[in-house]
Amino acid sequence: MTPRLAPPTPDSFTSRLRSPAVAARVGLWLGISFGICFLTGLVSHYAQLPSHPIPFPTSPSWGYRFTQGLHVTTGIAAIPLLLVKLWSVLPKLFEAPPLHDARKLLLTVLERASIAVLVASAIFQLATGVANAAQWYPWSSFSFRTTHYAIAWVAIGALVLHIAVKLPIIRDVLTSDIDDTTHDRETATTPGPLSRRALVRTTFAAAAVATLATAGSTVTWLRQVSVLAVRTGEGPQGVPINKSARAARVEESASSPDWRLEVVVDGTVAGSVSYDDLRAMQQHTVDLPIACVEGWSAQGTWSGVRLADLLASFDAPADRDVSVTSLQESGPFRRTILPANFAADERTLLALDLSGEPLSLDHGYPCRLIAPNRPGVLQTKWVSRLEVSA
Amino acid sequence: MRARLAIGAVGVVVALYGALLFLTRQDPGQWLEVAIWFAAGVVAHDVLLSALLIGLCLVGARLLPAAWRAPATVALVVWGTLTIATIPMLTRAGARADNATLLDRPYAATWWTISAIVVLLVAVSGFLRSRRPRAQE
């Protein structure tokens, strides 16, 4: 055998598995996965806006938990789909451009460019997404949140364009038998170790395995099955934590006996309450999930003071957004805005207890916000001040 | 054709909106790092992973008896994609000393166990298939 130094051409790939019939069948589900990720991602970014042109609903209380669990789970399922999809179309990477025809060349260059954007953005979204779910940030300068959001639009736009370009062939191969050879490359005739149907089924099985192995971070009954999930779901008082008191640098201020919760109405301090004052008020218990944007979630039983009751005791108007400030001295979520409909919801508490015990320091002692259908990162811990705007 | 043009135009507008978001909400230093990540992702897949797979398939086709190839291929797809999809868990790179609730499973041991089970399944399946009078296909 003489070594060949020439670059491969599409004809170098002879497996009949590398075919439009496989690409379209896997690609269909990959496209659906990306669509689900895109929409559920939009939900999360909308929920995190400081103000909502259309109010974000407080019900169902598990809405955010469901959509974000779906986002991360679908993203992980998309990894096997993307890898097999790209494998099935790899020969196209080596197609020679039509240099003799300027118009064709331009179209080819444009299409290749759109594919490059699609592939790069798809890999980027899945890689940064799964890293973020495991709280790994191996980049130094860019913001995950901002970039993952912007590139999501790039990826979904490039995907829609790709579907438009390929629509006739997609339609053709999806409506014919999987072993139909009409659209195959001429050299793609070597039978693989599997049939095309078996390869597609294996790919779906791989997506299912990756899902089952990780979804326990958010699907409680899968915890025993999800041996590679980012979390077991265990934690102090039965609930995991995202940011510890140490990481937030509040260990001292949060455990200080001098802690007081200040209430500001229309820019002036209306008063403050101590931990004992909060304990002396009427207590309520709610079952609400804590659902993180990283895709993990857990149900908790929270007890404490209704936020609306506390604000009413300071004669604060009930139909206003409430700014909630943490003892944390820095960080983008030190101060969050609780929309008026959330502040008025009777399930929204300043929680003092979790699972029947006082909150641990890492869960937000002395008190934390817990509201239905709200991103976990906005369920402010170690609350020190409430401001009701004019 | 008109419908396809319309769908394609929507895609272009959406992608350009994303590019605008990206360029306006990050500074040039951040653009550069994202560009490096874009390129690294494509190289990692199109060059490294693709070449590795081609090599593996060549070696597999040479070394594996025919009856073993189908189970080995199924195993490679499922095990390989699971491994790639769980790299951040397997490396526990994001683990933090102050948070025992994060990455709190024995990932490496689990991965070795899964890998051993996969090898075993391929071996059993390959052995059983090789004892059949004729391969199925």
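Couple of notes before you dig in:
- A:L359 crowded, with 23+ Cβ neighbours inside 10 Å and closer than 20 Å to A:P317 by Cβ: no
- Those residues of the stretch A:52-95 which are of a type in the set (A, V, I, L, M) and without any contact (Cβ under 8 Å) to a residue 24 or more places away in the chain, in sequence order: A:I54, A:L83, A:L93
- If only residues of the stretch B:4-16 that are surrounded by fewer than 18 Cβ atoms within 10 Å (Cβ to Cβ) and in contact with a Leu (Cβ under 9 Å, 6 or more places away or on another chain) are counted, the one that is farthest from the other protein chains (Cβ to nearest Cβ) is B:A9.
- Any chance A:P98 is free of Cβ contacts under 8 Å to residues at least 24 places away in the same chain, in a loop (DSSP other than H, G, I, E, B) and either touching a Lys or Arg at 6+ places or on another chain (Cβ under 6 Å) or among the small types (G, A, S) (or both): yes
- Here B:A70 fits the description: in contact (Cβ under 8 Å) with a residue 40 or more places away in the chain and within 8 Å of another protein chain (Cβ to nearest Cβ).
Every residue, every condition in (1) modelled with pLDDT under 95; (2) part of a strand (DSSP E or B), yes or no:
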| position | (1), (2) |
| --- | --- |
| A:D276 | no, no |
| A:V286 | no, yes |
| A:P289 | no, yes |
| A:V324 | no, yes |
| A:Q328 | yes, no |
| A:E346 | no, no |
| A:D362 | no, no |
| A:T380 | no, no |
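- Cβ-Cβ contacts under 7 Å between residues 6 or more apart (or on different chains), taken from a first residue in the stretch A:17-38 that is on the phi > 0 side of the Ramachandran plot and assigned by TED's automatic domain parsing to the domain that holds A:D184 to a second residue that is at pLDDT 95 or above and surrounded by fewer than 24 Cβ atoms within 10 Å (Cβ to Cβ), are absent.
- Complete set of residues in the stretch A:179-193 that are within 16 Å of A:D11 (Cα to Cα) and in a loop (DSSP other than H, G, I, E, B): A:T181, A:H183, A:D184, A:R185, A:E186, A:T187, A:A188, A:T189, A:P191, A:G192
- Considering the conditions (1) surrounded by fewer than 20 Cβ atoms within 10 Å (Cβ to Cβ); (2) modelled with pLDDT of 95 or more, A:D11 is excluded by exactly one of them, (2).
- Here A:A210 clears all of (1) in a loop (DSSP other than H, G, I, E, B); (2) modelled with pLDDT of 95 or more; (3) within 14 Å of chain B (Cβ to nearest Cβ) except the condition numbered (1).
- Selection within the stretch B:85-118 - in contact with a helix residue (DSSP H, G or I) (Cβ under 8 Å, 6 or more places away or on another chain), more than 7 Å from every other protein chain (Cβ to nearest Cβ) and among the aliphatic types (A, V, I, L, M): B:I87, B:L90, B:A108, B:I114, B:V118
- The condition of being facing chain B (nearest Cβ under 8 Å), more than 30 Å from A:S114 (Cβ to Cβ) and more than 31 Å from the chain's Cα centre (by Cα) holds for only one of A:P236, A:P193, A:P240, that being A:P193.
- For the stretch A:6-23, the candidate set comprises residues that are among the aliphatic types (A, V, I, L, M) and within 23 Å of A:P168 (Cα to Cα); within that set, the residue that is farthest from the chain's Cα centre (by Cα) is A:L17.
- Checking each residue in the stretch B:17-32 for being within 17 Å of A:Y149 (Cβ to Cβ), in a helix (DSSP H, G or I) and more than 7 Å from chain A (Cβ to nearest Cβ) picks out B:L20, B:L23, B:T24, B:W31.
- Hey, A:L167 at pLDDT 95 or above and either part of a helix (DSSP H, G or I) or more than 7 Å from chain B (Cβ to nearest Cβ) (or both) or not: yes
- Scanning the stretch A:109-144 for residues that are within 21 Å of A:C292 (Cβ to Cβ) and among the small types (G, A, S), we see that the one that is farthest from the other protein chains (Cβ to nearest Cβ) is A:G129.
- Any hit, the stretch A:221-235, residues being over 30 Å from B:L103 (Cβ atoms) and among the acidic types (D, E): no
- Look at the stretch A:269-287: where a residue is without any contact (Cβ under 8 Å) to a residue 40 or more places away in the chain and a partner is among the basic types (K, R), sitting 6+ places away or on another chain with Cβ atoms under 8 Å, you get A:S272/A:R260; A:V273/A:R260; A:S274/A:R260; A:Q282/A:R306.
- A:I151 being of a type outside the set (D, E), touching a Ser or Thr at 6+ places or on another chain (Cβ under 9 Å) and surrounded by 22 or more Cβ atoms within 10 Å (Cβ to Cβ): yes
- Elements of type helices (runs of 4 or more DSSP H) in the stretch B:35-137, at least 1 residues being among the aliphatic types (A, V, I, L, M), crowded, with 18+ Cβ neighbours inside 10 Å and over 16 Å from the mean Cα position of the chain (by Cα): B:66-85, B:107-131
The values are calculated or read from the model by the stated rules, or taken from the named source; none is laboratory data. Values in this document were obtained by computation on a predicted structure and should not be read as measured data. Glycine also receives a Cβ, built like all others from the backbone with ideal geometry; neighbour counts cover every protein chain displayed.
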